[in-house]
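Take a look at the structure set out below.
The values are calculated or read from the model by the stated rules, or taken from the named source; none is laboratory data. Fair warning: this is a prediction, and the values are worked out from it, not measured in the lab. So basically every Cβ, Gly included, is an ideal-geometry build from the backbone, and we count neighbours across all protein chains shown. Each accessible area value is taken on the protein alone, full model and side chains, heavy atoms only, with ligands, DNA and RNA left out. Shrake-Rupley method; radii C 1.70, N 1.55, O 1.52, S 1.80 Å.
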Amino acid sequence: MIISKKTSSEAETRAFAKKLVGVFGPKAFYALRGDLGAGKTCFVQGLAAALGIKDAVCSPTFTIVNEYTNAKGVRLIHVDLYRISGPEDLDSIGWDDYLDSGDAMAVEWPGRAGGELPARAILVEIAIGSTPDERLFTVTPPEDKNAA
């Protein structure tokens, strides 16, 4: 069940992410692919809102990992792998501990993790559309990735 969606604003992008939490549940793992400025962090803002997280969500480009928790203890782990060299650097950020936690995760630049993404990963590809605010989403759940 590949999901395709076109959004025309940041608000629509966040709303689409919130909808996906309803589809995949509050503990899903999202692997976010897209160029710089494609809207990956905006998408994560929608995930956080759907999980009831009130904190401001920003890109973890320099911190590599941001953790957000709602009032009930539900956690979202937001990872940006852009600045790591490759899978050999994952131990230094506590990658296995995050995966083992079962918390919701959103990972930008997942290709840098090599083969270290979990089988449950939902691939979210984001492309910039024909206008500055338009985004084209292709969401591939794990069962569709394995069938391909």
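Estimated from the Cβ-Cβ distance and a Förster radius of 35 angstrom, the FRET efficiency linking D91 and D133 is about 0.35. Once the mean of 1/r is taken over each pair of separate Cα atoms and inverted, the chain shows a Kirkwood hydrodynamic radius of 15.3 Å. Straight Cα distances below 17 angstrom link K19 to the aspartates and glutamates E10, E125, with same-chain residues fewer than 8 positions distant left out. Summing Lys and Arg as +1 and Asp and Glu as -1 over all other residues whose Cβ lies under 10 Å from the Cβ of L99 gives a net charge of -4. Of V124, V44, V65, which is the most mobile in a GNM of the chain whose springs link Cα atoms less than 10 angstrom apart? Evaluated over the chain, the most mobile residue of the options is V65.
Looking at the stretch 1-95, the trypsin sites (Lys or Arg not before Pro) that sit in a DSSP loop and have at most 15 other Cβ atoms within 10 Å of their own Cβ are K54, K72, R83.
First compute the accessible area of the stretch 10-54 with a 1.4 Å probe, then give the percent of it belonging to carbon and sulfur atoms. Carbon-and-sulfur percentage of accessible area, whole number: 52.
The overall shape of the stretch 33-91 is oblate: from the C-alpha gyration tensor, with semi-axes ordered a ≥ b ≥ c, the ratio a/c is 1.5 or greater and a/b is no larger than b/c. Distance between the modelled labels on K19 and K54, one decimal in nanometres: 2.8 nm (7 Å Cα→Cβ projection).
Accessible surface comparison of M105, M1, probe 1.4 Å, protein chains only, largest first: the order is M1, M105.
Can you list the HN-Hα couplings for the stretch 42-54, worked out from phi with the Karplus curve (6.51, -1.76, 1.60; θ = phi - 60°), rounded to whole Hz and with x for Gly and Pro? Values per residue, Gly and Pro as x: 4, 4, 5, 4, x, 4, 4, 4, 5, 8, x, 7, 9 Hz. Heavy-atom accessible area for R112, with the other protein chains in place and a 1.4 Å probe, reaches approximately 90 Å². Ordering F29, S101, G46 by Cα displacement along the dipole of the chain toward the positive end leaves G46 in first place; charges were set at the Cβ atoms of Lys, Arg (+1) and Asp, Glu (-1).
Rolling a 1.4 Å probe across the protein heavy atoms gives the stretch 14-72 an accessible surface of 49 Å² per residue. In terms of its alpha-carbon gyration tensor, the stretch 68-129 comes out oblate; a/c meets the 1.5 threshold, while b/c is at least as large as a/b.
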